[in-house]
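Report on one structure; see the data block that follows.
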Amino acid sequence: MQYGHHILYKVKDTLPQSKLNKEKRETNLQAAYHIKNRQLVQNKKVVLFDDIYTTGNTVNECSKVLKVAGAKEIGVLTLAKD
C-alpha cells in the first residue's frame, strides 16, 4: 500500500461548496482538479478522504479526474454527512 497526498491538486480557485445551492455546486468544481503524475494512479485502487459529504460533487469531480488518469477503483471515506 502506498500513501500519497500530493497526487490530486486543485488548480482552480472555487467558491466554498457550503456557500452554494445545489445547482451551483454541480458546476463550481468543474475542471478544478488535476493529476500531475498519472503513473501514480494508473491501474491502482485509490481511496479519497473527504471531511464532509453533502451533495457528493467534490468526490464525484475528483473521482472523474482519477478515472481519466487510469485509476482502477476509487473508494471514498467521509468523516461527516451534511
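Below are the figures for this structure:
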{"quantity": "In region 28-49, residue surrounded by the most Cβ atoms within 10 Å (Cβ to Cβ) [restricted to those that are over 8 Å from ILE7 (Cα atoms) and basic (Lys, Arg)]", "calculated": "LYS44"}
{"quantity": "Close pairs (7 angstrom Cβ cut-off, 6 or more residues apart or separate chains): farther than 19 Å from ILE74 by Cα in region 19-47, part of a loop (DSSP other than H, G, I, E, B) and not basic (Lys, Arg) anywhere", "calculated": "LYS22/THR55; ARG25/THR55; ASN28/THR14; ASN28/LEU15; ASN28/LEU20"}
{"quantity": "Odd one out for VAL65 among (1) in contact (Cβ under 8 Å) with a residue 40 or more places away in the chain; (2) out of contact with any His (no Cβ under 9 Å at 6 or more places or on another chain); (3) not charged (D, E, K, R)", "calculated": "(2)"}
{"quantity": "Enumeration of residues in region 50-72 that are surrounded by 14 or more Cβ atoms within 10 Å (Cβ to Cβ) and among the hydrophobic types (A, V, I, L, M, F, W, C)", "calculated": "VAL59, CYS62, VAL65, LEU66, ALA69, ALA71"}
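Read-outs: derived from the displayed coordinates by stated rules, not from any lab. Since the model is a prediction, treat every value here as computed from it, not as a measurement. Cβ: placed from backbone, ideal geometry, glycine included. Neighbour counts: every protein chain shown.
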